[in-house]
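S.K.: Following this message is one structure expressed as structure tokens.
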Amino acid sequence: MIRFLAQFKRVAFFAAIAVVAANVACSDAPFVPVDSTPALDARLRQAIAPWGVLPILPVNASDPALVSLGRMLFFDKVLSGNRDVACASCHSPSAHTGDDATLAVGTGATIVGGVRTVGTGRQFTPRNAPSLFSVGLKPFYMFWDGRVNEELGPGRFNTPLGSALPSGVTSLLAAQAMIPVTNRVEMRGNAGDRDVFGNANEIAQPADAQVADIWKAVMHRLLAIPGYVQMFGTAYPTTPADRLGFEHAANAIAAFETQTFTKTNSAFDRYLAHEDGALSLDAKQGALLFFTTARCASCHNGPLLGAQNFASVAVPQLGPGSGNATPLDAGRGDETISGPSRFPRFFFRVAPLRNVEITAPYMHNGAYPTLEAVVRHYNNVDSAVKSYDVSQLPPSLRASYHGDAATISSLLTSLDPRLQQPLHLTLDEQRQIVAFLKSLTDPSARDLSGIAPNAVPSGLAIP
């Protein structure tokens, strides 16, 4: 009953949002550009008001010892079975917390010219590595399919791990951090693998369902390293070493990510704080479109401009696929994620848009390399899907594009009703929306080179 009421409240909330969207987006009044800045500001602030959009504020400082431990763990490949991939391999500071790749590459990669490519006998992960900007600000859903969430209620973390998730996990972000080390493609590797030193990969030995044994093996590695023994002891001074579990590592990683990747000084944040001159005229015009006739805010709302709901926007399908839908990716609509018939196929988490300018490529599978391409997709989804240009993909992924008539028809059948008719945005209006999206970038997010340590306790190379 509690779960039903929680879900009912969320459904009611988004139903209310949909009503507002319908009233705003379906008005017969045409969009008329406003050249007078005071008049435009008044109209824009009125347009923003219904959508729960707030400026991002600084987070409370975490224990420095916990953040320091999380920083080392984030950059240390020792967490992976083959000692060849770290969190920072797919969420790199040099790529603005992504990896600049369409689909992420996990363990067993081959390095060519400094770029990680799929190794022999391996495959791409099914999805694009999501940005970590603002990831610590309590988004309701984690992962592109939302399989880590708080649908059971605040502080009750719903994950594929079920009852195996330790009680000491302190946040949804920490719950998410528990999972990649258990994934064979991302970090754990396969039984029979040998690590970069030629040693047997012991973390890959347990069966997939034996997650407690996997975490225990990872912690055994970490606590065999004197530097980590000292750092865990400093971060958790009242916890005996024999009581430390991977949840303590995950909490530290989450503290580091929250402290490091929360950015609060975008031009849009300053505008929301009533600094009218923070946005250019083009950005203001684009924002007005975003929050009214372009219908973007009907999905991209709230403080993060996304991350709180799901939508089916007919993103072209590519890659190895996932779950029961393989070789396609049904996202939240896969029965292995949300149960039978709870969501139609091809529903994915609405991406948060903070700092979106610098986190290309876009969509759950990196199908589009630029913001301009994304806006064109939304302007006429039917046309975009039917005429998708595979040349915008890396050569290694072009053959994995699923452009057959049946797949395209299935995508369009599940398309969100708000996108079933073209938006009819002019080229200038599309440019203005992109200008607004660029106003969501905090200048300090552009250069993250200073966050990587010079070395990690394991002695392995920094990604």
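S.K.: Ranked highest first by the average count of other Cβ atoms within 10 Å around their residues, in what order do 401-414, 271-284, 167-180, 80-93 fall?
M.R.: 80-93, 167-180, 271-284, 401-414
S.K.: Further, regarding this structure: Please give the charge dipole size of the chain, origin at the Cα centre, charges +1 on K and R Cβ atoms and -1 on D and E Cβ atoms. Round to the nearest 20 debye.
M.R.: So the magnitude is around 520 debye.
S.K.: Residue farthest toward the positive end of the dipole of the chain, with Cβ of Lys/Arg at +1 and Asp/Glu at -1: which of ASN60, LEU437, VAL181?
M.R.: VAL181
S.K.: Right, here's the next one. Leaving out ligands, DNA and RNA, what percent of the accessible area of the chain is carbon and sulfur, probe 1.4 Å?
M.R.: 57 percent
S.K.: Treating the angle as unsigned and between 0 and 90°, give the value, to the nearest 10°, between the Cα long axis of helix 37-48 and the longest Cα principal axis of the chain.
M.R.: 60 degrees
S.K.: Here's something else I'd like to know. Ratio of Rg to Rh for the range 232-314, alpha carbon only, Kirkwood?
M.R.: Value, to two decimals: 1.22.
S.K.: DSSP loop (so not H, G, I, E, B), at most 14 other Cβ within 10 Å: list which trypsin sites (Lys or Arg not before Pro) in the range 311-372 pass both filters.
M.R.: Here the sparse-neighbourhood loop sites are ARG342.
S.K.: Now a separate question. Towards the positive end of the charge dipole of the chain, with charges on Cβ (+1 Lys, Arg; -1 Asp, Glu), say which of CYS299, GLY403, VAL211 has the farthest Cα.
M.R.: The residue sitting farthest along the positive end of the dipole is VAL211.
S.K.: What does the charge dipole of the range 303-395 about its Cα centre add up to, to the nearest 20 debye, if the Cβ of each Lys and Arg holds +1 and the Cβ of each Asp and Glu holds -1?
M.R.: That gives the range 303-395 a dipole magnitude of about 200 debye.
S.K.: Going highest first, how would you order 143-150, 60-67 by mean Cβ packing within 10 Å?
M.R.: 143-150, 60-67
S.K.: Cross-link partners among lysines for LYS216, C-alpha distance below 23 Å, same-chain residues fewer than 8 apart left out?
M.R.: Within the straight-line cut-off, LYS216 pairs with LYS77.
S.K.: Then there's this: Please state the relative contact order of the chain as a whole percent: Cα pairs under 8 Å, 6+ residues apart?
M.R.: RCO, the chain: 23 percent.
S.K.: Of the listed values (i) 37, 25, 21; (ii) 34, 27, 21; (iii) 46, 29, 20, identify the label whose number matches semi-axes √(5λ) of the Cα gyration tensor in Å calculated from this model.
M.R.: (i)
S.K.: Another question about this same structure. Give me the angle, in degrees from 0 to 90, between the Cα long axis of helix 427-438 and the longest principal axis of the Cα atoms of the chain, rounded to the nearest 10.
M.R.: The helix 427-438 is inclined about 40 degrees to the chain.
S.K.: Set Lys and Arg Cβ to +1 and Asp and Glu Cβ to -1, take the dipole of the chain about its Cα centre, and tell me which of LEU281, VAL105, ALA373 lies farthest positive.
M.R.: Towards the positive end, the residue furthest out is VAL105.
S.K.: Please calculate how many Å² of accessible area the chain carries per residue, with a 1.4 Å probe and no DNA, RNA or ligand atoms counted.
M.R.: Here the per-residue accessible area is 43 Å².
S.K.: If you don't mind, there's one more thing I want to ask. Cα atoms only, the range 201-242: Rg and Dmax in Å?
M.R.: Expressed in Å, the Cα Rg and Dmax of the range 201-242 come to 12.0, 33.
S.K.: Mind pulling the angle between the C-alpha long axis of helix 211-222 and the longest principal axis of the chain? Nearest 10 degrees, somewhere in 0 to 90.
M.R.: Relative to the chain, helix 211-222 is tipped by roughly 70 degrees.
S.K.: Separate question: Please give the net charge around ASP382, taking every other residue with its beta carbon less than 15 angstrom from that of ASP382, where Lys and Arg add +1 and Asp and Glu add -1.
M.R.: +2
S.K.: Considering every Cα-Cα pair within the range 119-276, what fraction, in whole percent, is farther apart than 22 Å?
M.R.: In whole percent, the share of Cα-Cα pairs in the range 119-276 beyond 22 Å is 52.
S.K.: So what is the 222 nm mean residue ellipticity for the chain from helices alone, if each DSSP H run of at least 4 adds -39500 (n - 2.57) and you divide by all residues, rounding to the nearest 500 deg cm²/dmol?
M.R.: -10000 deg cm²/dmol
The values are calculated or read from the model by the stated rules, or taken from the named source; none is laboratory data. Quick caveat, the model's predicted, so the values are computed rather than measured. Positions of Cβ are generated from backbone atoms using ideal geometry, with glycine treated the same way; all protein chains shown enter the neighbour counts. What goes into the accessible areas is simple: the full protein's heavy atoms, side chains included, and nothing from ligands, DNA or RNA. Shrake-Rupley method; radii C 1.70, N 1.55, O 1.52, S 1.80 Å.
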